[in-house]
Amino acid sequence: MIFSSLRSWFEQRFSSRANALQELMASQSFAGLLLAAAAFLALLLSNSPWSAHYNAVQQFAIQLRLGDVLDLNKPLQIWVDDLGMAAFFFLVGLEIKREWLQGQLADRKAALLPAFAALGGMVVPALIYAALNRGDAAALRGWAIPSATDIAFALGVLALLGSRVPPALKVLLTAIAILDDLGAILIIAFVYTAQLNWAMLNAALWCLTALVLMNRLGVRRLSAYLCVGLLLWVFLLKSGVHATLAGVLTALCVPLRVPLRMPPRLPSHGAQHNPLEGAMHRFHPWVTFLVLPAFAFLNAGVDLRGASWGSLVHGVPLGIVLGLLLGKPLGIFSSLWAGSKITGQGLPAGCRWSHIFGMSVLCGIGFTMSLFIGELAFAGRADFEMALKMGVLLASLLAALLGSAVFVLIRPKMRAARPQFTVVKS
């Protein structure tokens with residue numbers, strides 16, 4: 001009796017707060033704010049008297065050794081970049097597969113508009129960067145840096161803008177960002193791959209074959225896919241192909257639906273088990289609230305002491321800033337306009353071209369993906385580190401501010417467009 005009374009009091013006292021906290025943590029705005037806080041803390045520490053401690057955390061060595069078979073000894077930053085981002089790409093792969101099979105991209109005709117936008121949003125920034133760095137072969141390796149969009153940050157800003165953003169616009173941005181991520185995955189696979197170790201690559205292909213067979217045989221347990229996927233990650237890491245691709249390949253093998261094998265007499269016979277949705281449900285909080293903030297914290301820190309505004313006019317940072325701030329909105333907006341004319345499809349419900357322009361500017365928030373591609377492009381080139389981080393951080397901040405300003409400015413026009421009714425007395 002006493003226990004029941006205490007439990008009832010506790011639930012009444014704290015359930016509303018717990019629910020509010022859960023809703024906050026599940027929101028896109030909280031995810032975006034968490035990323036921003038991690039990046040700000042990294043900048044603060046790297047430019048403070050505690051910068052040596054921050055660098056020590058980045059370089060903290062973690063070793064994984066299995067006899068003479070496996071020996072991985074890497075700094076914490078590299079572990080997060082290689083293994084943590086593989087988990088991120090695993091979630092991205094799950095989202096791509098779900099959207100392609102039953103989501104926003106399942107209708108191939110409807111997927112044409114975001115496909116046009118994603119392609120334009122990758123090509124135009126890359127061309128701007130390449131034009132500004134055409135005389136420097138080393139700097140030119142970073143041509144893909146401004147082609148990426150940070151979906152967590154962009155959706156977080158849209159969530160903070162609230163009712164100023166039509167719901168259908170968030171759906172369009174998600175579709176564009178998913179296709180953008182797919183393009184980034186292909187770039188990483190074909191452009192930023194080191195010299196290949198064919199023996200390790202062959203072992204990775206055997207792991208991939210096992211994953212495909214598991215899918216065809218209807219294996220439902222997520223742990224089975226993760227175990228084989230971890231082996232795939234190790235072999236890809238040793239092969240020269242970037243190990244984060246193991247996350248995508250594993251995700252694409254997780255089945256969307258598997259029929260439950262139950263006796264016919266049971267009423268639930270024929271029901272479907274959904275391993276893919278279960279995997280997304282389990283991985284989303286870990287990736288959103290641990291992996292991405294850890295990546296931001298360990299990679300966004302740059303010592304700005306001694307830096308000047310003049311350092312931003314050089315090819316790499318200028319190419320990144322103009323690529324994200326100018327190339328992204330120009331590429332996405334013009335491609336959507338051209339795509340609507342070619343396909344005859346109109347804009348999503350409740351959206352106007354002013355909304356599309358604001359969304360296109362927000363897509364210039366590269367941050368996580370731009371930093372990640374930059375780390376691959378300039379691996380081993382410490383002289384490019386400050387230019388990369390300054391360009392990505394400045395462009396992402398300006399894109400967030402300018403995109404938000406667009407939506408704030410078009411709000412009065414939306415109100416003015418509403419029909420006004422007057423009561424006429426007879």
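Once fully extended, how much extra length lies between L312 and L112, figured as 0.36 nm per residue of separation less the alpha-carbon to alpha-carbon distance?
On the way: separation 200, 0.36 × 200 = 72.00 nm, distance 3.66 nm.
Net length gain for the segment: 68.3 nm.
So if each residue of separation counts as 0.36 nm, and I subtract the Cα-Cα distance between T193 and H281, what length gain in nm does that give? Write out the running numbers ahead of the final one.
Working: separation 88, 0.36 × 88 = 31.68 nm, distance 3.11 nm.
Once the chain is fully extended between T193 and H281, it gains 28.6 nm.
So, in nm, how far is label V408 from label Q345 when the simple model puts each one 7 Å beyond its Cα toward the Cβ?
3.3 nm
With each label point set 7 Å from Cα along the Cα-Cβ vector, what nm distance links R221 and L101?
Distance between label points: 2.0 nm.
For the pair F40/L290, report the inter-label distance in nm, with labels modelled 7 Å from Cα in the Cβ direction.
For the pair F40/L290, the computed spacing is 2.5 nm.
What's the extension gain from V123 to S334 if we count 0.36 nm per residue and subtract their Cα-Cα distance? Don't skip to the end; give the middle numbers.
On the way: separation 211, 0.36 × 211 = 75.96 nm, distance 1.19 nm.
74.8 nm is the gain from fully extending V123 to S334.
Here, each number is a calculation from the coordinates, and none is a lab measurement. Since we're looking at a predicted model, the values are computed, not measured. Don't worry about glycine lacking a Cβ; one is built from the backbone with ideal geometry, like all the others, and counts go over all protein chains shown.
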